[in-house]
Amino acid sequence: MSAFAREKLAATLFQRYEGNPILTTDNWPYPINSVFNPAAVRVNGEVLLLNRVEELRGFSHLTCARSKDGLTNWVIDEQPTMKADHTNNEEKWGLEDPRIVWLEEQKQYAITYTSFSEGGPVVSLAITKNFKAFARLGGLLPPEDKDACLFPRRFNGRFALIHRPIVRGEAHIWISLSPDLKHWGDHRILLKTRTAYWDGARIGLACQPIEIPEGWLMIYHGVRRTTSSQIYRTGMALLDKNEPWRVLRRCEEWVLGPKEPYERTGDVSDVVFVTGGVIMKETNQLYLYYGAADDKVAVAMADMDRVREYIMACPEVHG
Ligand code: BMA
């Protein structure tokens, strides 16, 4: 495929749902400032979103919303589903930006989210069967760390975590390994920011890694700094199926970025921040759920065959 054909495919890959935004403060059963950056997973045939909800003091907690078609008729928990323990030093300032993955061996869901306090953001892990009771296992790696998700299974006996520490002011995506979900090592950079590109200032994992026949699709966000602001967009890379610390391909151009008024205007302008992905098997569609301008939730859809065609048309990454 020519670069021109690939760019055309990138530009038309995702279609926004015409009913966007799907969740706003107006839908909420209790007073809040904003709802955004939801984790997404399919549970008992429904789509479950675990949303970041910012309450009126400015701190965030996580609340579930469920829908049969993943688009309409959302049923929202009447109260916060996972609250911060403000007496706990690690999460004094709230819980943010969750990602969810089904752990095949444990037969439970793993939620990785950011716990925020004056010590800086850390990635914390909670395990649940039903999104009602949560085993909270605490922080995984030192701050400053964000944008993390586990893979659904081990590789050569070890769990793998994608995350985004800040090192020397640089914001690359890292991967770390663990035999027990507690002790982490073999830390390495997975994907780096690219000077002058749309993802030149900062990058971070978007939704949970998605398994496709060619490997793991890693959707990520990239930030461009401009003279007046920062633009958050979405791109993708392909990781090796058995050794996900090896990047096989990486997009050149973004596939989703702020365009519609609900993405351009809000608490933070020009933000498309994908945190949840669900494959609708019935229609072979990938639904990406995202925070739009940091105060509402929207969804964009793509045909999975076209997504695979696109990532396989992206340049190979060597070494
Ligand atoms: C990132 C995170 C996200 C937020 C985004 C855009 O650093 O803190 O929660 O959506 O910035 O403001």
Item to complete: Express in nm, to one decimal, how much length is gained between residue 186 and residue 105 on full extension, taking 0.36 nm for each residue of separation and deducting their alpha carbon distance.
Response: 27.0 nm
Response to the item:
Each label sits 7 Å from Cα toward the beta-carbon; between residue 214 and residue 11 the label points are separated, in nm, by 2.1
Discussion item. Show me the GluC sites (Glu not before Pro) within the range 1-95 that DSSP assigns to loop and that have at most 11 other Cβ atoms within 10 Å of their Cβ.
Written reply: 18, 78
Worksheet entry | the chain - mean residue ellipticity at 222 nm from DSSP helices (-39,500 (n - 2.57) per run, n ≥ 4, rounded to 500) | -2000 deg cm²/dmol
Worksheet, complete the sentence: Ignoring ligands and nucleic acids, residue 224 exposes an accessible area, probe 1.4 Å, in Å² to the nearest 10, of 90
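Please work out how much length the chain gains when fully extended from residue 4 to residue 281, using 0.36 nm per residue of separation minus the C-alpha to C-alpha distance, in nm with one decimal.
On the way: separation 277, 0.36 × 277 = 99.72 nm, distance 3.02 nm.
Length gained between residue 4 and residue 281: 96.7 nm.
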Worksheet item: Going down the list 8/259; 83/132; 107/132; 68/281; 68/107, which pairs span over 18 Å between their C-alpha atoms?
Response: 68/107
Worksheet entry | Zone residues, the range 96-140, relative to residue 167, backbone N less than 18 Å from point 7 Å out along Cα-to-Cβ | 121-123, 140
Worksheet item: Measuring with a 1.4 Å probe in the full set of protein chains, what accessible area per residue, in whole Å², belongs to the chain?
Response: 42
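What net charge is computed for the residues neighbouring residue 108, neighbours being all others with C-beta under 14 Å from the C-beta of residue 108, Lys and Arg scored +1, Asp and Glu -1?
On the way: positive: 107, 129, 132, 136, 153; negative: 104, 105.
Here the count lands on +3.
Let me know the Kirkwood hydrodynamic radius for the range 88-227, please, with Cα pairs as the basis and the value in Å to one decimal. All intermediate terms of the calculation are to be shown ahead of the outcome.
On the way: mean 1/r = 0.0642 Å⁻¹.
Answer for the range 88-227: a Kirkwood hydrodynamic radius of 15.6 Å.
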Discussion item. Once R0 is set to 51 Å, what does the formula 1/(1 + (r/R0)^6) return for the Cβ-Cβ distance between residue 135 and residue 227, expressed as a FRET efficiency to the nearest 0.05?
Written reply: 0.65
Discussion item. Rolling a 1.4 angstrom probe over the protein chains, ignoring ligands and nucleic acids, what is the accessible area of residue 287 in square angstrom, nearest 10?
Written reply: 20
Response to the item:
Kirkwood Rh for the range 3-313 from C-alpha pairs, in Å, is 19.2
Practice prompt. Mind giving me the nanometre distance, one decimal, between the label points for residue 195 and residue 267, set 7 Å out from Cα along Cα→Cβ?
Written response: 3.5
Item to complete: Figure the gain on full extension for residue 88 and residue 240 (residue separation times 0.36 nm, minus the Cα-Cα span) and round it to one decimal in nm.
Response: 50.9 nm
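The values are calculated or read from the model by the stated rules, or taken from the named source; none is laboratory data. These numbers come from a predicted model, not from an experiment. All Cβ positions, glycine included, derive from the backbone under ideal geometry; neighbour counts span all protein chains shown. Note: accessible area is taken over every heavy atom of the protein model, side chains too, but ligands, DNA and RNA are not part of it. Shrake-Rupley method; radii C 1.70, N 1.55, O 1.52, S 1.80 Å.
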